[in-house]
Amino acid sequence: MTVSGKYLKGKLPSKTGGYNQAARYKYQWSSLKGKAKKITLKKGVERIGHNAFGEFAKLNSVKFPNTLKKIDAYAFGSTPIYYVYLPDSVKYIGESAFDMDGEERGIVKLKLSRNLKSIGKAAFRQNKIKEVVIPSNVEKIGAHAFVECNNLKRIVIKSKKLKKVGSRAFADMGKDAVIYIPKERETEYRKMIEDSTAHAQIIAQ
């Protein structure tokens, strides 16, 4: 399936709804949720809207264009993509954008954008990621961002611009998990990260 447009924005038929209101958005391709296996987002796409490809049960491959800047909340929630390689144009990842929410499958390999600034709340919750590098321009990591990623054992934080790491952002990860932080920001980062994880070892380098 190939999708084009600048802002992939769905329609919200009802204004009612609670916390998961994003799941109520409808798109012209919503009927393909149980069929589509691969998606190519054409060059020119800058923003992926709320729940645009959420709950696409058979989807395992997405090609992102180098024009993409923002991924909204729930955009790929409960969608079992194996590999996610985000182009360096991406600056913002919204709440629960890739949250697997109890699904058995999930992201195995993740490459984040070098120009990424913000990782939203629960953005990668309950995925199968084994390691992740937090790029040098990230300023905020939301609460529960990588919580319950049981296979996650190695996190390298390259950013020296971090201002906030949310509650339990790195909680319930893999056994013997290690988080590497910049030595220049050790005191500040150690305090932020210790509040976000229960057992991971923190090493300054």
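The values are calculated or read from the model by the stated rules, or taken from the named source; none is laboratory data. Nothing here was measured: the structure is a model prediction, and the numbers come from that model. Neighbour counts run over all protein chains shown; Cβ positions are idealised from the backbone, glycine included.
Points to keep in mind about this one:
- Residue-level check: of (1) surrounded by fewer than 19 Cβ atoms within 10 Å (Cβ to Cβ); (2) among the hydroxyl-bearing types (Ser, Thr, Tyr); (3) under 17 Å from Lys140 (Cα atoms), Thr187 misses just (3).
- Pairs are defined by a Cβ separation below 6 Å, a sequence spacing of at least 6 or placement on different chains, a first member in the stretch 25-51 that is without any contact (Cβ under 8 Å) to a residue 40 or more places away in the chain, and a second member that is not in a loop (DSSP other than H, G, I, E, B); the pairs so defined are Lys26/Lys11; Lys38/Ser61; Ile39/Val62; Thr40/Thr2; Thr40/Lys63; Leu41/Val3.
- Contact annotation: residue pairs with Cβ atoms under 8 Å, 6 or more positions apart or on different chains, pairing a residue in the stretch 177-205 that is closer than 22 Å to Lys130 by Cα with a partner that is among the polar types (S, T, N, Q) and surrounded by fewer than 11 Cβ atoms within 10 Å (Cβ to Cβ), are Ala177/Gln201; Val178/Gln201; Ile179/Gln201; Tyr180/Gln205; Ile181/Gln205; Pro182/Gln205.
- Residue check, Val108 modelled with pLDDT of 95 or more, more than 13 Å from the chain's Cα centre (by Cα) and not basic (Lys, Arg): no
- Pair list, Cβ < 7 Å and 6+ apart or interchain, from the stretch 78-90 residues that are at positive phi to residues that are assigned to a loop (DSSP other than H, G, I, E, B): Ser78/Gly54; Ser78/Glu55; Ser78/Met100; Ser78/Asp101; Ser78/Glu103
- Any hit, the stretch 94-109, residues being in a strand (DSSP E or B) and crowded, with 22+ Cβ neighbours inside 10 Å: no
- Test for Ile141: is it under 22 Å from Phe56 (Cβ atoms), touching a strand residue (DSSP E or B) at 6+ places or on another chain (Cβ under 6 Å) and surrounded by 24 or more Cβ atoms within 10 Å (Cβ to Cβ): no
- The residue of the stretch 63-90 that is nearest to Phe124 (Cα to Cα), among those that are in a strand (DSSP E or B) and touching a Ser or Thr at 6+ places or on another chain (Cβ under 8 Å), is Tyr83.
- None of Glu103, Glu148 is of a type in the set (Asp, Glu), on the phi < 0 side of the Ramachandran plot and touching a residue at least 12 places away in the same chain (Cβ under 8 Å) except Glu103.
- For the stretch 180-203, the tally of residues that are of a type in the set (S, T, N, Q), in a helix (DSSP H, G or I) and closer than 15 Å to Leu152 by Cβ stands at 0.
- All positions within the stretch 100-121 that are touching a strand residue (DSSP E or B) at 6+ places or on another chain (Cβ under 8 Å) and hydroxyl-bearing (Ser, Thr, Tyr): Ser118
- Taking the criterion of being among the hydroxyl-bearing types (Ser, Thr, Tyr) and crowded, with 16+ Cβ neighbours inside 10 Å, the only residue of the stretch 144-176 that qualifies is Ser159.
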